[in-house]
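Novice: Following this message is one structure expressed as structure tokens.
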């Protein structure tokens, strides 16, 4: 069981690292698919302009940090929930063994 | 995945919003009822929501040379059911639209439809198929998450192709174009999402069984 875990971690790490490894030595920016979609729209319909803009648009550094904030908030919530679930389970197991 | 603010013509934006609204309302009712009747399911909801927040914030480079976000909706769909995901997904998308200029308010309906409705329902369907095929819950959840992720992007491609059909070859040509942008890039990301989802489901099964059986309709424990 432990072996399979390692395999999963390796696969995930490989999938994430591979793009960087392949791009070594090249000077390239990672284009986001959302930006590419906008380009495609512009090519299909050059006349189209977005009819409304975002209410608030953070600058690039702030955007990076806000994404990080979102990821951290999510990770914290996820970790906390899993931790509490584990606590409850162990408490239940302890109660059951006390009764016996 | 997220159609940017203003990049759906007003008619399309309105239409998708109208389509998504009943799902979100129904999902909200189901979710609040579930949380009231089973207070312990709040932790599972926290895990599902937290996972979605985390994963949709990750911008991951792909082997194709571009980068994209996974959806993180598969886990919640398997644990909580698709109706609740409509609500959780809306919250995530709203956060990103308001604070990050990622997606938009006019495109919220369309993005909710692809990421919080189609994705979870496809994930649930795949999960059911896998379980009937005697596949273990964790692997089934992983497959469900990965395929659900891809279905979200296919939906986005469809939405964009409907709004911007190619002047010569119509919907099909546009659809192919958008799928080629999203599709190949997304495959490794969907894989990662599937693997991580499978791992978490396994963790949950070992440490949170009581809560899972109370909440998750689809878990066969």
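Any read-out appearing in this document is the output of simple, stated calculations on the displayed coordinates, not a laboratory observation. All values reported here derive from a predicted model rather than from experimental measurement. In this analysis, Cβ positions are derived from the backbone assuming ideal geometry, glycine residues included, and neighbour counts consider all displayed protein chains.
Novice: For the protein assembly as shown, would you read off the P(r) tail past 38 Å as a percentage of all alpha carbon pairs?
Specialist: Roughly 14 percent, rounded to a whole number.
Novice: As an exercise, take the mean of 1/r over every pair of distinct alpha carbons in chain A, invert it, and state the Kirkwood radius in angstroms. Provide the component values of the computation, followed by the final result.
Specialist: On the way: mean 1/r = 0.0515 Å⁻¹.
After inverting the mean inverse Cα-Cα distance, the result is 19.4 Å.
Novice: Tell me the mean residue ellipticity at 222 nm calculated for the protein assembly as shown from its helices only (DSSP H runs of n ≥ 4, each -39500 (n - 2.57), averaged over every residue, nearest 500).
Specialist: Helix-only estimate at 222 nm: -25000 deg cm²/dmol.
Novice: Could I ask something else about it? Taking chain A as a Gaussian network, where each spring joins two C-alpha atoms under 10 Å apart, which residue of A:84, A:65, A:49 fluctuates the most?
Specialist: Per the Cα network of chain A with a 10 Å cutoff, A:84 tops the list.
Novice: R0 = 25 Å: FRET efficiency of residue A:7 with residue A:91, Cβ-based, nearest 0.05?
Specialist: Once the sixth-power term is evaluated, E becomes 0.20.
Novice: From Cα pairs below 8 angstrom and at least 6 apart in sequence, can you work out the relative contact order of chain B, rounded to a whole percent?
Specialist: Across chain B, relative contact order equals 27 percent.
Novice: Additional query: If you line up the long axis of helix B:137-163 against the longest principal axis of chain B, both from Cα atoms, how many degrees apart are they, to the nearest 10?
Specialist: Helix B:137-163 sits at roughly 20 degrees to that axis.
Novice: Top mean-square fluctuation among B:192, B:118, B:63, Gaussian network model of chain B, C-alpha springs under 10 Å?
Specialist: Looking only at B:192, B:118, B:63, the largest GNM fluctuation is found for B:63.
Novice: Also: Between the stretch B:71-111 and the stretch B:1-41, what is the C-alpha centre distance in whole Å?
Specialist: 8
Novice: So for the pair residue B:91, residue A:55, with labels modelled 7 Å out along Cα→Cβ, what separation do we get in nm?
Specialist: 1.8
Novice: Pick from B:110, B:84, B:173: which is most flexible by mean-square fluctuation in a GNM of chain B where alpha carbon atoms under 10 Å apart are linked?
Specialist: It is B:173.
Novice: Please report the equivalent ellipsoid semi-axes of chain B, computed as sqrt(5 x eigenvalue) of the Cα gyration tensor, largest first, in whole Å.
Specialist: 29, 20, 15
Novice: Which angle between 0 and 90 degrees, to the nearest 10, do you get for helix B:170-207 versus the longest principal axis of chain B when only C-alpha atoms count?
Specialist: For B:170-207 against chain B, the angle is about 20 degrees.
Novice: Still on this structure: Angle between the Cα long axis of helix B:119-132 and the longest principal axis of chain B, 0 to 90 degrees, nearest 10?
Specialist: 50
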